[in-house]
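K.L.:
Structure provided below as structure tokens; questions to follow.
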Amino acid sequence: MSQALFLEAVVTWDEKLCQQNLQEALPKLISHLQEASVLQEEIGILKIICVSFLPWVQIEVAENLVFADISSKGCLMLDKVLEEIKLTPKHSSAQANFEVLLEVLVELLDCFTQCIKFAQGAGNSYELATVHSLPYGAIHLLKGTYTHCKESSEVYGDALACVTEPLSVLFKKAHALQVALLGLLDNIVINKGISQQDIDDLCFVCQGLFEICQVVSSLDVKLVVSLWKAISRLSGRHKNHLKDGLDVDTMVTYLCTEINKGYSYLLQLAPPGENNQELSLSQGDSAAFQKSLKVLGYQMRVIISLLDSFIDSISDCVNSVYDMVVSIFRSLPPCIVEVNISVTSLDEIRRHLVNGIEPLVNLLVQNRTFVTSIMSQGSDVASEDSLARLELLVKIADCLPKQTDDVLQCWMKHINNNESSSSIFDQIFLAASHCYVAFSMSLTMRTTKEVPLYEYVCTQVCGLVGSLPAKYFNVLEESLLQSLFSVNMYVSCLTEDVWCFISRFGSADLCYQHTKLLIDVCEVSGYPYCVVKLVKRLVKFLAPDHQNQLMKCFPPDKHVRLWCDIFLSVLPTTISTDKWQLLIEHLLKDVENFISKSNRTYTDLVFLMESLTYLVEVFDHHGSTQNNLQDLLPACVKGKLSQFYELWDRQWTREAIFSNFLSKLTELSGFLITHLGNEDFLMILDLLLDLVKADYDGVKITACHFLKRCRKTKFSPDSNQPLILKKIAMLYGLLLQDKNSLVHHTSLESFTQFAESTPYESLVPECLGDNQQLQNKVVAFLSKVTEIDVNSDKVCYLKQQYNALSHPKLYPGLQTSKDGNQCSTEVVGQVLERKNIADGDMLDDIEEPALKRKRCLDIEVSFSINKR
């Protein structure tokens, strides 16, 4: 019987004949299907097989008997039809041809859907090998069909309007095939004896569904959701078999890219804030905003699901996940640039997207590639990403206490390629150093309530510290000690607060040991301000026994600077009278030695200024003690000051070291106002006027403070009183008009307090003279009104300030390392270096006439010497 007669006969068979002749007829039909080359003939044979004979085939043999041939032939038919459509002329006269070809595709999809439904109806579950070919064929048909629908405007051109209805039918048939395929995949079971072919099939199916997702992403949201659900469910169920074969990295990277693009569009759709109703062309579409947000939230959940199943095997996608998280954080409060989005919309974004970041981070911290990526980043982070990166690091710190010790160990001490190690604390402090502008703008974080950004970061870091096992304390202490010296005040303050948290809520012995350690650091590094400030706080936390023990370990005659810089300011009432007496006697002895010397050198003067500095500290704090030094101390020092003023050579003011010395004398004299006579006042004011006119800024600040201390003084009514009042007016007149902003502000503060308390009311207008502008500035200062430049930009100003602080060349006395940390500088080394440069002039006799002295460099010499 010929092929044509055979097909005509088969078409007339009823169900009973088809079942009876299955063994003979089906192989012939399969053979005719493979040999057929005309589309109508191919689709006809395919329909006969699927409708008349497939229902009587046993599922166990269906793969080899039917599915394999139908799948391969169906894929070829799809490609052939799509090629013919592309070659058909694009005009309305070709409508009939298009409709015929599209009808073939519809019937092809119907046949394949019937095959899948037949397999589903054969049982509740089945092995993958039983339906091996069906997923391959279905995925090929779906990709081809969806791509054709997506590109229809390009494929059909002007004829598109003629085929709109057939295309719509085709799309619905493809969706029906997709639903059937996903149902088939849900019923697949994997037994213990899984083969490599089964694993390859599973990987192909997941990858094929992912490729379909990429095609339909712009066609229908529901299609995309159902496909990603299937991928998540299938990959999660068989994760143990797929972990080495499935390319999850590519999927996660794609989703992150989609979220980034969708998020940018989402921010444009978001309704604006109430205070800013200016809409851009695409803003204010609430419905589109809600729809887009739900899609992004679902995509975020898919990423979490994939990472939950394959967190140990991913690598390439971690950078994409990092970029996505940073992108989300960057555009939401807290941020430097105000976000024009309504509060309700921001809450919705947090609920759907931001809340998903926490479980995402909980998974990522377990991945070693992510650890390496985060810990290897240094100062090359883009400035606009600095705050977002800090938020991410804080999230990491928040979830680490819940992780295993192996994970925690990776974050506590990670070895980079350059063999240097870093910890999560190092990264947080480094990120904080780049957020100077954000911290300065008083931004807030939304938690259960609005909290300042600095407080939020500090609280989270302390939370990690509080849960840290003792074996990692050395890593923490090393990081804290390094960050304490940061030139960025926020990093230094953050380090200080964390250290205080450790000392206050740890054991008393730990607090004591840390305090001793930091005192040793002070002793060897020239008492840097950041360490001194921290030690002052820690000493307050010490138990009384430890405080007494600490003072015994560091006696005042051998650790003068420690007592004057720290103990006097923190423990004045605890210090016994004999300790005060010992310290004062030691300082006065240095002063007496200098006065009694016949040949006084520059080096002697530097050490003397140190002693005077400490005397100022003693005067500043001795009043709060319970001893009887209040009368003894001024009387002792007053005599020494008088001797200094008598020795003063007017030519000395030409050199910076002498102007610094005079500043220190004046500062000390300010504590002795009630003990000074008119002659003393006149001498001091004359010297200050000379140096202020010579434009020494340091002396100007000292002059402001001295005048402020004179505000309640009544000068003796003798011939010097008018001169004193005249010189006060002259001095204030110069200081109030100074161009240095710090001097100007300090002088305003000093003058306003002087004007409120001085018994010489007529002196106030004399200080201002006829300068109306100066009078207005004083009035504005008293009214707390600042002159703000309308063109000033707060962010630009703070960025300039940050750049200045980060630039070591702007601070010659402060050495900085590459990571922005301040190196401990020893002032003794600086003094010795200057001595060498000056060719021994530190040993010059200061009593020699100025022209005979070798010293010719007018340089600033620090009062602070590293160690006595």
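K.L.:
Counting Lys and Arg as +1 and Asp and Glu as -1, each charge on the Cβ, what is the dipole of the chain about the Cα centre in debye, to the nearest 20?
P.N.:
Values: 76 positive and 104 negative charges, 445 e Å.
The dipole of the chain has a size of about 2140 debye.
K.L.:
Which part of segment 245-269 falls in the paramagnetic zone of CYS335, meaning amide N under 17 Å from the point 7 Å along Cα-to-beta-carbon?
P.N.:
Output list for this probe position: 259-269.
K.L.:
Would you mind getting me the FRET efficiency between ALA288 and LYS172? Use the beta-carbon distance for r and R0 = 30 Å, nearest 0.05.
P.N.:
Values: r = 25 Å, r/R0 = 0.84.
The value I calculate is 0.75.
K.L.:
Another question about this same structure. At 25 °C and a viscosity of 0.890 mPa s, what translational diffusion coefficient does Stokes-Einstein give for segment 1-120, taking Rh as the Kirkwood radius over Cα pairs? Give it in µm²/s as a whole number. Please report the intermediate quantities before stating the final value.
P.N.:
Details: Rh = 15.2 Å.
Diffusion coefficient, whole number: 161 µm²/s.
K.L.:
Give, in nm to one decimal, the length gained when the segment between GLN214 and LYS799 is fully stretched (0.36 nm per residue of separation minus the Cα-Cα distance).
P.N.:
Numbers: separation 585, 0.36 × 585 = 210.60 nm, distance 4.21 nm.
Between GLN214 and LYS799, full extension yields an extra 206.4 nm.
K.L.:
If you stretched the chain out fully between VAL524 and PHE505, how much longer would it get, using 0.36 nm times the residue separation minus the C-alpha to C-alpha distance?
P.N.:
Details: separation 19, 0.36 × 19 = 6.84 nm, distance 2.79 nm.
Stretched fully, the VAL524-PHE505 segment lengthens by 4.1 nm.
K.L.:
Averaged over all directions, how much area does the convex hull of the C-alpha atoms of segment 237-371 cover when projected, in nm²?
P.N.:
Result: 8.6 nm².
K.L.:
Tell me the net charge near MET324. Cut-off is 15 Å between Cβ atoms, MET324 excluded, with +1 for each Lys or Arg and -1 for each Asp or Glu.
P.N.:
Working: positive: LYS261, ARG301, ARG330, ARG389, LYS395; negative: ASP249, GLU258, ASP316, ASP323, GLU358, ASP385, GLU391.
Every neighbour counted, the sum reads -2.
K.L.:
Quote the relative contact order of the chain in percent (integer), defining contacts as alpha-carbon pairs under 8 Å separated by 6+ residues. Write out the running numbers ahead of the final one.
P.N.:
Details: 931 pairs, mean separation 66.6, N = 868.
Relative contact order for the chain comes out at 8 percent.
K.L.:
Another one. Set the Förster radius R0 to 22 Å, insert the Cβ-Cβ distance between ASN740 and GLN773 as r into 1/(1 + (r/R0)^6), and round the FRET efficiency to 0.05. Provide the component values of the computation, followed by the final result.
P.N.:
On the way: r = 17 Å, r/R0 = 0.77.
Calculated transfer efficiency: 0.80.
K.L.:
Starting from the 7 Å offset along Cα-to-Cβ, what nm value, one decimal, do you get for the label separation of TYR265 and LYS16?
P.N.:
Going from the TYR265 label point to the LYS16 one covers 6.0 nm.
K.L.:
Now a separate question. Just need log10 I(q)/I(0) for segment 166-271 at q = 0.12, 0.15 Å⁻¹, Debye formula, equal scatterers on the alpha-carbon atoms, no solvent, rounded to two decimals.
P.N.:
-0.49, -0.72
K.L.:
Report, ordered by chain and residue number, the lysines lying within cross-link reach of LYS536, taken as a straight Cα distance under 23 Å and ignoring same-chain residues fewer than 8 apart.
P.N.:
LYS516, LYS552, LYS558, LYS579, LYS867
K.L.:
Within the chain, what whole-number % of the accessible surface is contributed by carbon and sulfur, with the 1.4 Å probe and all protein chains included in the calculation? If you can, show how the numbers build up before the last one.
P.N.:
On the way: 20620 of 40520 Å².
In the chain, the share of accessible area belonging to carbon and sulfur is 51 percent.
K.L.:
By how many nm would the segment from LYS536 to LYS47 grow when fully extended, if each residue of separation counts as 0.36 nm and the alpha-carbon distance is taken off? Walk me through the intermediate numbers first.
P.N.:
Details: separation 489, 0.36 × 489 = 176.04 nm, distance 9.00 nm.
Extending this stretch completely gives an extra 167.0 nm.
K.L.:
At 1.4 Å probe size, what's the solvent-accessible area of MET683? Round to the nearest 10 Å².
P.N.:
Looks like 70 Å² after rounding.
K.L.:
Something else: Compute the projected area of the convex hull of the Cα atoms of segment 679-750, averaged over all viewing directions, and report it in nm² to one decimal place. Write down the numbers at each step before the final one.
P.N.:
Working: hull surface 17.3 nm².
Across all orientations, segment 679-750 yields a mean hull projection of 4.3 nm².
K.L.:
What figure, in Å² to the nearest 10, do you get for the accessible area of GLU24 with a 1.4 Å probe and non-protein molecules left out?
P.N.:
Roughly 120 Å² of GLU24 is accessible to a 1.4 Å probe.
K.L.:
Would you list the P(r) distribution for segment 125-199, with all Cα-Cα distances sorted into 5 Å bins from 0 and each bin expressed as a whole %?
P.N.:
Per 5 Å bin, starting at 0, the Cα pair percentages come out as 3, 14, 20, 17, 13, 10, 8, 7, 5, 3, 1, 0.
K.L.:
With labels modelled as points extended 7 Å from the Cα through the Cβ direction, what inter-label distance (nm, one decimal) is found for LYS784 paired with LYS471?
P.N.:
Placing both labels 7 Å beyond Cα along the Cβ direction yields 5.5 nm.
K.L.:
Sticking with this structure for a sec: Taking the structure as given and computing mean projected area of the Cα convex hull in nm², which label from (1) 51.9; (2) 38.7; (3) 60.8 fits?
P.N.:
Structure-derived value, by its label: (1).
K.L.:
Calculate how steeply helix 602-622 sits against the longest principal axis of the alpha-carbon atoms of the chain, using the helix alpha-carbon long axis, and give the answer as 0 to 90 degrees to the nearest 10.
P.N.:
Approximately 80 degrees, to the nearest 10.
K.L.:
Looking at the chain only, what percent of DSSP beta bridges run antiparallel? Nearest 5 please.
P.N.:
Numbers: 8 of 10 bridges.
Restricted to the chain, the bridges split so that about 80 percent are antiparallel.
K.L.:
Now for a different question. What do you get when you divide the Cα radius of gyration of segment 718-768 by 2.2 N^0.38 Å, with N the number of residues? Let's see the in-between values first.
P.N.:
Working: Rg = 11.3 Å, N = 51, 2.2 N^0.38 = 9.8 Å.
Ratio of Rg to 2.2 N^0.38 Å for segment 718-768: 1.15.
K.L.:
May I pose another question? Please give the helix 286-310 orientation as an angle from the longest Cα principal axis of the chain, in degrees from 0 to 90, rounded to the nearest 10.
P.N.:
So the inclination is approximately 90 degrees.
K.L.:
Using a 1.4 Å probe on the protein heavy atoms only, what accessible surface does VAL215 show? Give it in Å² to the nearest 10.
P.N.:
30
K.L.:
With n ≥ 4 as the cut-off for DSSP H runs, can you work out [θ] at 222 nm for the chain, using -39500 (n - 2.57) per run divided by the number of residues, rounded to the nearest 500?
P.N.:
Working: 41 runs with 560 residues, N = 868.
Calculated at 222 nm, the ellipticity per residue is -20500 deg cm²/dmol.
K.L.:
Next question. For GLN581 and THR713, FRET efficiency with R0 = 35 Å and r from the beta-carbon atoms, rounded to 0.05? Intermediate results must be reported in sequence, preceding the final value.
P.N.:
Values: r = 29 Å, r/R0 = 0.84.
For THR713 and GLN581, the calculated efficiency is 0.75.
K.L.:
For LYS777, give me every one of the aspartates and glutamates with a C-alpha distance below 20 angstrom, ignoring sequence neighbours fewer than eight places off in its own chain.
P.N.:
Within the straight-line limit of under 20 Å, LYS777 reaches these aspartates and glutamates: ASP738, GLU749, GLU756, GLU761, GLU766, GLU787, ASP789.
K.L.:
Using per-residue counts of other Cβ atoms within 10 Å, averaged over each peptide, order 387-397, 744-754 from highest down. Write down the numbers at each step before the final one.
P.N.:
On the way: 387-397: 23.6, 744-754: 19.4.
Ranked by mean Cβ neighbours within 10 Å, highest first: 387-397, 744-754.
K.L.:
Averaged per residue, what accessible surface does the chain expose to a 1.4 Å probe, in Å²? Mind dumping the intermediate values first?
P.N.:
Working: 40520 Å² over 868 residues.
Accessible surface, normalised per residue, equals 47 Å².
K.L.:
Moving to a separate point now. Order THR12, THR444 by their accessible area, 1.4 angstrom probe, all chains in place, largest first.
P.N.:
Reading off the accessible areas and sorting them downward yields THR12, THR444.
K.L.:
In straight Cα distance, which lysines are under 21 Å from LYS239, not counting same-chain residues fewer than 8 positions off?
P.N.:
List returned: LYS192, LYS229.
The values are calculated or read from the model by the stated rules, or taken from the named source; none is laboratory data. Being a predicted model, the structure only gives us computed values, none of them experimental. All Cβ positions, glycine included, derive from the backbone under ideal geometry; neighbour counts span all protein chains shown. Heavy atoms of the whole protein, side chains included, go into the accessibility calculation; ligands, DNA and RNA do not. Shrake-Rupley method; radii C 1.70, N 1.55, O 1.52, S 1.80 Å.
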